[in-house]
Every structure is written in structure tokens, then in C-alpha cells.
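Structure first, then comments.
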Amino acid sequence: MLLGVAVLYASDLSRLAELAAGLRPGWLPALALTAPALAAVSVLKWWLLLRARPGGAVPGFTPLLGLYATGQFYNQVLPSNSGGDVVRAEMLTRRLRVRGAGGRSAAWASITAERFTGLAVLVAMAVPAALCPAFWAHPLLMVGIAAGTALSVAVIAGVLLVPPSPPPPAAGPDRRLLRALGKARAKLAAFSADLRSYGRHRRTLAASLALSAGFYALAVASVMVAAACFGHPVAVRPATLATAAVLVVSLLPVSINGLGLWEASFLASFEALGLGGELGLAVALLLRFRDLLWAVAGATVAAACRAGTPATGA
């Protein structure tokens with residue numbers, strides 16, 4: 001919250017008001033459609049990954065879209081942009097157990113694979129952003145891109161390096177502690193086995209990477225459409241650089257849903273690219289409003305559907 005206030009304080013509010021006054025409503029429907037389009041691409045990737053698992057029937061695309069929308073809603077109030085993953089993982093766990101298609105480890109493995117394929121593409125996008133000379137004079141962008149990329153690589157490496165069968169805990173006098181460690185070891189081993197099982201489905205992983213690339217192409221298009229809403233078209237190259245920088249910096253879990261960090265990154269990247277910092281801030285606020293509306297609407301519809309449909313529904 002304080003970071004968001006600092007961003008507003010550092011910006012030209014009169015220029016921001018001028019941009020808001022010049023908003024072009026004709027572009028808003030196109031911008032609104034980008035939110036469900038982004039969600040649909042992510043859910044399709046998630047569904048393909050779940051289908052690759054052996055045994056048991058997995059939920060259909062529509063129920064998964066509901067779980068994904070609910071997770072996005074919780075992202076609005078939890079730290080970083082992945083707090084909602086905990087919620088959708090637990091909701092998916094219940095559905096998988098009812099269908100006999102696995103449990104918590106299977107749910108978490110599918111979400112981890114869905115996230116990691118996206119992170120892999122985002123890290124690739126971060127390379128040209130990090131090498132962009134225009135960003136070098138902005139500490140937030142340089143430090144944020146480096147830290148966000150390092151965090152992504154460390155998380156991916158850390159999870160992939162988890163041994164399939166972690167070593168058993170050393171014997172000790174506290175039986176309750178040993179039992180707890182034994183349960184944790186079993187859960188970690190199950191998660192590792194479920195995650196590693198995706199390595200046998202190269203076509204699914206390739207399709208997931210392709211869908212991730214499509215997701216980020218849509219994210220770039222969203223930035224371009226949002227800028228057009230204010231009457232300032234942005235070309236593909238600067239929009240791609242700005243999108244990569246913002247998304248990587250926003251990975252850092254320093255505020256709830258990246259509040260303030262998202263806005264500061266847009267302001268700095270647009271300013272560095274000569275597009276105007278206030279235009280970047282206006283784009284950031286408009287996209288945040290779009291995401292909030294979609295998350296609330298999606299979670300509300302999903303909750304209504306769950307209230308009238310048993311967990312075994314497709």
C-alpha cells in the first residue's frame with residue numbers, strides 16, 4: 001500500500017487526470033475480452049497437463065476455469081501473484097479424490113507444471129528486457145528484473161532437484177517429531193514423483209510451452225490495447241519489453257498481488273522507453289481494474305455453479 005502511494009506521489013497527477021479524461025470507451029470491450037482470453041489459455045494448458053496423468057478422470061475445461069477464476073480472486077488479497085494457487089490446489093484436490101484420479105500431490109504437481117512452463121517462457125522474455133539499454137538507468141527495473149529472474153530460476157531448480165525419494169529422518173527420541181517428518185517425507189516423495197511424471201510426456205510439455213508463449217503474446221496485446229484506450233498506440237517491441245519487465249519484477253513477493261510494484265514497474269518501463277511514465281501508470285491502473293473485475297465476476301459465477309453442481313460434475 002505504501003509503495004502504491006509513493007508511486008502516485010512521484011507521478012504527475014495532472015497528466016494522469018488528462019489521460020483519464022481522454023479515455024476512449026470504444027477500446028474498452030476489447031480490453032475486457034483479454035482477461036477471459038488469458039484465463040482460457042492458462043486453463044487449457046492446465047487441462048492438457050492433467051490429462052497427461054495416467055489413471056482416473058480429470059475435471060473438464062469449464063470446472064477448471066471456475067477453479068482458476070477463484071484462484072485469481074484470492075490473488076487479489078494474498079502476497080505475490082500466486083497466492084491463489086493454494087486455494088485452487090485444495091479445490092482441485094477434492095475433485096481428484098472424488099474421481100479417484102489422485103490427491104493433493106497430483107493437484108500441486110499439475111499447478112506447478114502449469115506455472116513452471118509459464119516461468120520458463122517468461123525467463124526467456126526477461127533476457128532481452130535485461131539487455132535493453134533503456135532500462136539500465138532505472139534501478140527498479142535492473143534490480144527487479146535480475147531479482148525476479150534469479151528467484152524464478154531458483155524456484156524451478158529447487159523443485160526439480162527434489163530427490164524422488166528423500167532420505168528418511170534420523171532416529172531420535174521424539175516419536176511425534178519422527179512421525180511428522182515421516183509424513184512430510186512421504187508427501188514430498190509423492191509430489192516429486194507426480195511432477196517428474198510429466199517428463200515422460202514431451203508433447204504435452206511442448207504444447208504447454210507453446211500455450212505459455214501464446215499467453216504472453218496476449219499479455220503484450222493487452223498492454224497495447226490498454227494504451228490505445230488512452231489514445232496512445234504502442235508498438236509491439238516496446239510493449240513486449242515493458243510487459244516482460246513488469247511481469248518479472250512483479251514476481252517478487254513484496255506486497256499483496258504486487259500492489260505498487262506493478263504500477264511502479266509500468267511507470268518506470270514506459271518512462272525508460274520514452275512512452276511517458278504517466279501513460280505507463282494509467283495502463284497499469286486500467287489493467288489492474290480489468291483483472292479485479294474479472295476475478296470478482298469469475299469467482300462469483302464459479303461459486304454459483306458449485307452451489308448447484310456436485311463435485312463429481314464434469
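Of all residues in region 1-60 being within 30 Å of ALA193 (Cβ to Cβ) and more than 25 Å from the chain's Cα centre (by Cα), which is modelled with the lowest pLDDT?
GLY56
When only residues in region 30-43 that are hydrophobic (A, V, I, L, M, F, W, C) and surrounded by 18 or more Cβ atoms within 10 Å (Cβ to Cβ) count, which is farthest from VAL296 (Cα to Cα)?
Going through region 30-43, the residues hydrophobic (A, V, I, L, M, F, W, C) turn out to be 30-33, 35, 37-41, 43.
This time we only want the ones that are surrounded by 18 or more Cβ atoms within 10 Å (Cβ to Cβ), so: 31, 35, 38-39, 41, 43.
Details: LEU31: 16, ALA35: 12, LEU38: 16, ALA39: 13, VAL41: 19, VAL43: 17 Å.
That would be VAL41.
Checking the condition surrounded by fewer than 19 Cβ atoms within 10 Å (Cβ to Cβ) and either modelled with pLDDT of 85 or more or over 26 Å from GLY214 (Cβ atoms) (or both), which residue from LEU122, LEU96, LEU131, LEU64 passes? Explain how you work it out, then say what you get.
Values: LEU122 fails: surrounded by fewer than 19 Cβ atoms within 10 Å (Cβ to Cβ); LEU96 fails: surrounded by fewer than 19 Cβ atoms within 10 Å (Cβ to Cβ); LEU64 fails: surrounded by fewer than 19 Cβ atoms within 10 Å (Cβ to Cβ).
From the options LEU122, LEU96, LEU131, LEU64, the qualifying one is LEU131.
Scan region 136-155 and give yes if some residue there is hydrophobic (A, V, I, L, M, F, W, C), more than 30 Å from LEU285 (Cβ to Cβ) and modelled with pLDDT of 80 or more, otherwise no. Give the steps one after another, and end with the answer.
Initial filter on region 136-155 (hydrophobic (A, V, I, L, M, F, W, C)): 136-137, 140-143, 145-147, 150-151, 153-155.
Now restrict to residues that are more than 30 Å from LEU285 (Cβ to Cβ): 153-154.
Adding the requirement that they be modelled with pLDDT of 80 or more leaves 153-154.
There is at least one residue in region 136-155 that is hydrophobic (A, V, I, L, M, F, W, C), more than 30 Å from LEU285 (Cβ to Cβ) and modelled with pLDDT of 80 or more.
Would you mention how many residues in region 235-268 are buried (at least 23 other Cβ atoms within 10 Å of the Cβ) and more than 20 Å from the chain's Cα centre (by Cα)?
So the count comes out to 2.
Of the conditions (1) surrounded by fewer than 16 Cβ atoms within 10 Å (Cβ to Cβ); (2) more than 16 Å from TRP27 (Cβ to Cβ), ALA207 satisfies every one except a single condition; which number is it?
(1)
The values are calculated or read from the model by the stated rules, or taken from the named source; none is laboratory data. What you see is a predicted model, and the numbers here were worked out from it, not measured in a lab. Positions of Cβ are generated from backbone atoms using ideal geometry, with glycine treated the same way; all protein chains shown enter the neighbour counts.
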